[in-house]
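Okay, so here's the structure we're looking at.
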Amino acid sequence: MTAASVFERLVQGSVTSNGAIECSREGYRPSSTKPDTQAQMALWSQRLTQHTELAAARQIAGLSDAELAAFATEFTLSPRYRRIDKMRFATPLGVATFGAGLAGLTLQAASLGAAGRGMLSAFEVICLAIVVGGLGMVALGTMKAFSLTSVELAYGRVGLYVGLLDEQHPWLYKTFLLMRNRAAQEYRETVLRERGVLRGVDCVLMREIARVDEECVMTLTARAVAEQVQDCGGATLAAGVTAEPHLTLVEPSLSAAA
């Protein structure tokens, strides 16, 4: 971010950058210049804070398996969000600047002594300006860090999205339960056939597919549902699944008791 770009946005009456506006659009996709994986992870984390979970999941699921595997590797190597913006150096630089200005004032006071105190010298004014500038940079860096709290949390969410659904993934059993739904099972088979292994983002989409499928069943008329509920002939249910057989209580015979 340069001073010219900031001035241009202020002239236009806006404080939002063009990149932030593009990221907030529903159909926006990352740049085709193939930035590094770390920058792409940061971009998807920011998008997750600007869109709904389902919208971001649909877009991430559209990536190739190689891209998702690269994201998963990046998250494994760096489970915490690593900032790539220029303001990440503001806090340490401000602390160093504040320390330099404070050291200059201390040396000036030690060299002059109590007898030499009076009006501020040019060196002391410069040191005071350095101290104030350092405090300002620390304040700006702290404000920027607080503003990225949601992005840091979303980074962990993206890591779950791109993670492989193996024995270490927290959504493994949720995905297994979703496989009972016919529509979600069809989506799972399509992903395995066309893209490759299942990942956390597929669990999100399977959950949404199962929810929509269940709502479609709820739109059936009450009479049709009542007929299927009361039918004892093993009729096919609305979801396309036959009724499960039940255990029958068998009375023990006298010979078996003997």
message = For segment 34-85, what are Rg and Dmax over the alpha carbons, in angstrom?
response = 10.9, 28
remark   = Of Phe146, Phe75, ordered by accessible area with the largest first and a 1.4 Å probe, the sequence is Phe146, Phe75
task = Lys and Arg at +1, Asp and Glu at -1: add these up for the other residues within a Cβ distance under 12 Å of Arg182 and post the number.
result = -2
Convex hull (Cα only) mean projected area of segment 71-182, reported in nm² to one decimal = 10.8
key: Per-bin percent of Cα-Cα distances, segment 116-192 [5 Å]   = 3, 11, 10, 12, 9, 7, 7, 6, 6, 6, 5, 4, 4, 3, 3, 2, 1, 0
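The values are calculated or read from the model by the stated rules, or taken from the named source; none is laboratory data. Treat the numbers as computed from the prediction; the structure is a model and nothing was measured. With ideal geometry, Cβ positions are generated from the backbone for all residues, glycine too; neighbour counts draw on all protein chains shown. All accessible areas refer to the heavy atoms of the entire protein, side chains included, with ligands and DNA or RNA removed. Shrake-Rupley method; radii C 1.70, N 1.55, O 1.52, S 1.80 Å.
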